[in-house]
Amino acid sequence: MAGEDDRGESELRRQLATLIFSQIRPVTAADAVAAAGWWNLLARLGFRVPLVVVHDCGLLLSGGRLGSARAVRRDGAAGPTPAPAPTPTLARYQSLLARMAGAEALEELTATPLRDDALAVILARLFGDVHLRWAAPGLAAAELPASSPTYQLDRAALARAHDPTWALGFIQRLGEQERAVLARLDQIEAGSLRLLGLFSAEGGAADLADLYHLVGTTGATDVVDFSLQLLPSLLETKRRPAAQRFSIDGYASVERRGNVDALLPGELAHDDDVFVQKALSDDLLYYGHERQNQSAQRLHYLLVDASASMRGAREIFARALALALAKKLSLRGGDVWLRFFDSRLHPRLDLGRAARRDLPRLLSFRSERGRNYARVFGDLSIEIGRLVRDEGRDVTITFITHGACRIPLGTVEALAARAQLCGIFVLPARPLDLEYLPRLHRVEVVTASSLARGADKRRRALEIVDEAAGT
């Protein structure tokens, strides 16, 4: 551990020395600490770049979150840290930062505060290609410490002790790729980040690799836009618990059964023979503890068809609706699970407890398989049987599919006997003619006329959400 700490401290000094080239003024210790955190996140993605670039671009992306508004330094501007003499490389780098600061895309990205993980993946998208073409010097494979006296050292002194000119090669390549960097900035999907911000990080942050893929993909744009139309209407809904009349771990009633430590004191006053007789006859009285909240036993199981038949308008509506359902149902209490299916059931996403962590997977999931609904719902029936039998779960199943989703009648009957079943059929190509429809507890059909206009589509989705929340 000591050797790793020494490597991290040594690399920190070398990286902080590059801040002599910073074009953002003033350069403060707090900014350097934040930049080191972003640098560590980038390193986990495989991008080890000069800290000065992470520092300058990160401060532009973070807006005013880290203190007073920063400005791109102009040649000759005074500052607490002496800047090196202007060179063509630094002048071009300064021009790039100035153009980034004035870009409309940056204004859109900074409209809402960015979490550190989101900011790091944006930086990775901006200069990831430049990093691949850069002949990087040997950098220590250790994280930069978040707390160190080194952050308080004078930058000029660090630059004299640790030559920072190795960073100029990357800065030069970044300036040469100015147009490409600005184009990538315009391509960042700000809507995905806003959607991610609507969910708390209590269940864990999104995996960096998943988030990196999400920020760079454009395929989920329509799903994100429609989700952003639905979710704000649901965020004001809050689950109010019943008024509690008893202290925590207090007593709620007097019962005929219970533990010895909950016996009424008066029961201990009986003679031994009477006490034994009352115990054998279940006549002893016990304090009953307040009953535990049973909402944790409730399970909302969402299934989304991901087969090729669900591409286009069906996919957009289905995924945004599933996300809205997950949000609404999680506010009512209990667990919310989501699984995609085609020829099999795909891994579970826990949208009740870890929506922020699993959201990138929901938006970017792509199926390359066929479809086998008999197998999917047969496996589901086995799983639901175990959950009901072994764990005592109260299960509600909602599956979103198209009009040709044919499931064996016996499988549907077995599922309906163990759980509430709701089928949502999006844009059926012909009138629904599925023999298992009468076995479902609720059926929703989304027609082409419902999706013809944006306002109608939003209203239909919210109707389905309200119906599902009322069951």
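The values are calculated or read from the model by the stated rules, or taken from the named source; none is laboratory data. Just so it is clear, the structure is predicted and the values come from calculations on it, not from any experiment. As a convention, Cβ positions derive from the backbone with ideal geometry for all residues, glycine included, and neighbour counts pool all protein chains shown. Keep in mind that these areas ignore ligands, DNA and RNA; they rest on the heavy atoms of the full protein, side chains included. Shrake-Rupley method; radii C 1.70, N 1.55, O 1.52, S 1.80 Å.
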Suppose the filter is out of contact with any strand residue (DSSP E or B) (no Cβ under 9 Å at 6 or more places or on another chain), open to solvent by 40 Å² or more (accessible area, probe 1.4 Å) and assigned to a helix (DSSP H, G or I); does ALA455 pass it? yes
Every residue from region 373-418 that is free of Cβ contacts under 8 Å to residues at least 24 places away in the same chain and over 26 Å from ALA469 (Cβ atoms): ILE382, ARG386, ARG389, ASP390, GLY410
Among the residues of region 159-189, write down those that are open to solvent by 10 Å² or more (accessible area, probe 1.4 Å) and either aliphatic (A, V, I, L, M) or assigned to a loop (DSSP other than H, G, I, E, B) (or both). ALA159, ALA161, HIS162, ASP163, LEU168, GLN177, ALA180, LEU182, ALA183, ILE188, GLU189
I want to confirm something. Restricting to region 131-154 and keeping residues that are in a helix (DSSP H, G or I) and modelled with pLDDT under 90, which single residue is surrounded by the fewest Cβ atoms within 10 Å (Cβ to Cβ)? LEU132
Among the numbered criteria (1) farther than 30 Å from ALA322 by Cα; (2) at pLDDT below 90; (3) open to solvent by less than 10 Å² (accessible area, probe 1.4 Å), which single criterion is violated by SER192? (1)
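Here's the yes/no breakdown for (1) in contact with a strand residue (DSSP E or B) (Cβ under 8 Å, 6 or more places away or on another chain); (2) open to solvent by less than 10 Å² (accessible area, probe 1.4 Å); (3) farther than 30 Å from ARG115 by Cβ:
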| position | (1), (2), (3) |
| --- | --- |
| PRO360 | no, yes, no |
| PHE377 | no, yes, yes |
| ILE382 | no, no, yes |
| ARG386 | no, no, yes |
| GLY392 | no, no, yes |
| GLN420 | yes, no, yes |
| ALA429 | no, no, yes |
| LEU432 | yes, no, yes |
Right, PRO88: more than 20 Å from ALA35 (Cα to Cα) and open to solvent by 70 Å² or more (accessible area, probe 1.4 Å) or not? yes
Which pairs do you get when a residue that is free of Cβ contacts under 8 Å to residues at least 24 places away in the same chain, found in region 344-362, comes within reach of a residue that is among the aromatic types (Phe, Trp, Tyr), reach meaning Cβ atoms under 9 angstrom, with the pair 6+ apart or on two chains? PRO347/PHE340; ARG348/TRP337; LEU349/TRP337; LEU349/PHE340; LEU349/PHE365
Go through region 201-213 residue by residue and tally those that are under 9 Å from the mean Cα position of the chain (by Cα) and at pLDDT below 70. 4
Sole miss for LYS278 among (1) open to solvent by 70 Å² or more (accessible area, probe 1.4 Å); (2) over 26 Å from PHE425 (Cβ atoms); (3) not hydrophobic (A, V, I, L, M, F, W, C) is condition (1)
Could you please let me know if THR112 is open to solvent by 50 Å² or more (accessible area, probe 1.4 Å), closer than 18 Å to ALA159 by Cβ, modelled with pLDDT under 90 and of a type in the set (Val, Ile, Thr)? no
